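The values are calculated or read from the model by the stated rules, or taken from the named source; none is laboratory data. In this text, all values refer to a predicted model and were calculated from it rather than measured experimentally. Here the Cβ is made from the backbone with ideal geometry for all residues, glycine too, and neighbour counts use every protein chain on show.
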Amino acid sequence: MKRLTGLMIVLLLSGACRQKIEMPVFDLLLPDSTLLNTGGIPSGKITVLAFFSPTCEHCQDETIDLIKHMEAVRDIQFYFVSIDSLSRIREFTSFYQLSKYKNITIGRDYTFSFPRLSGLHNIPSSQIYDRHKRLRVVINGGFTVNTLLDKTKAW
């Protein structure tokens, strides 16, 4: 009986480990004041949800590295999510000229849903989703393009 119980526990835990967590659904207020619901993010591309603050130095470094190596990540879709004011997000977007990059979307989580739904509370931190919108990697702290490419190269 003990062996059977032990076997059942192992099977349950192994099934839980293989379960893929899907992308959280919430609204982003974009710099042009339109709304984007993350449920409408299309599958088919690797997607990064990056929790950031426009005033965070690590976030700024992350953005500079991303822009510097944009050609290497052109097939990855980035969604920068912030709970800061829309005016700060607009300044950040303008300063780094993010609107010229088709694979970067930046917005304000005005309902503060992302930290609750994603479990991310540190800034910066990121979640990387595969082409089927299933969570594959969580990065607590800033990322570099080299880190992203290393973690996603087998997908």
Every pair of residues 6+ apart whose Cβ atoms lie under 6 Å, when the first sits in the range 99-113 and is under 16 Å from Phe51 (Cα atoms) and touching a residue at least 40 places away in the same chain (Cβ under 8 Å) while the second is hydroxyl-bearing (Ser, Thr, Tyr) and buried (at least 16 other Cβ atoms within 10 Å of the Cβ) | Thr105/Tyr79; Ile106/Thr93; Arg108/Ser82
Run Phe51 past the list (1) over 16 Å from Gly142 (Cα atoms); (2) in contact with a helix residue (DSSP H, G or I) (Cβ under 8 Å, 6 or more places away or on another chain) and report the number of the one that doesn't hold.
-> (1)
Of the listed residues (Arg90, Arg116, Arg136), the one being assigned to a helix (DSSP H, G or I) and closer than 18 Å to Thr38 by Cβ is Arg116
Filter result (farther than 14 Å from Gln60 by Cα, among the β-branched types (Val, Ile, Thr) and in contact (Cβ under 8 Å) with a residue 24 or more places away in the chain) within the range 140-155 = Thr152
Which one of the conditions (1) at pLDDT 95 or above; (2) on the phi < 0 side of the Ramachandran plot does Lys153 fail to meet, given that it meets all the rest?
-> (1)
Failed item in (1) touching a strand residue (DSSP E or B) at 6+ places or on another chain (Cβ under 9 Å); (2) buried (at least 17 other Cβ atoms within 10 Å of the Cβ), with Gln60 passing the rest | (1)
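Could you count how many residues in the range 66-95 are more than 16 Å from the chain's Cα centre (by Cα) and surrounded by fewer than 19 Cβ atoms within 10 Å (Cβ to Cβ)?
Restricting attention to the range 66-95, the residues satisfying the condition of being more than 16 Å from the chain's Cα centre (by Cα) are 67-72, 84-95.
Among the residues that remain, those that are also surrounded by fewer than 19 Cβ atoms within 10 Å (Cβ to Cβ) are: 67-72, 84-88, 90-91, 94-95.
The qualifying residues number 15.
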How many residues does the range 60-81 contain that are within 14 Å of Leu98 (Cβ to Cβ) and not in a strand (DSSP E or B)?
-> 10
Selection from the range 30-59 of residues that are in a loop (DSSP other than H, G, I, E, B) and in contact (Cβ under 8 Å) with a residue 60 or more places away in the chain = Leu30, Pro31, Ile41, Ser43, Gly44, Lys45, Phe52, Ser53, Cys56
Determine whether Lys2 is surrounded by 10 or more Cβ atoms within 10 Å (Cβ to Cβ) and at pLDDT below 95.
-> no
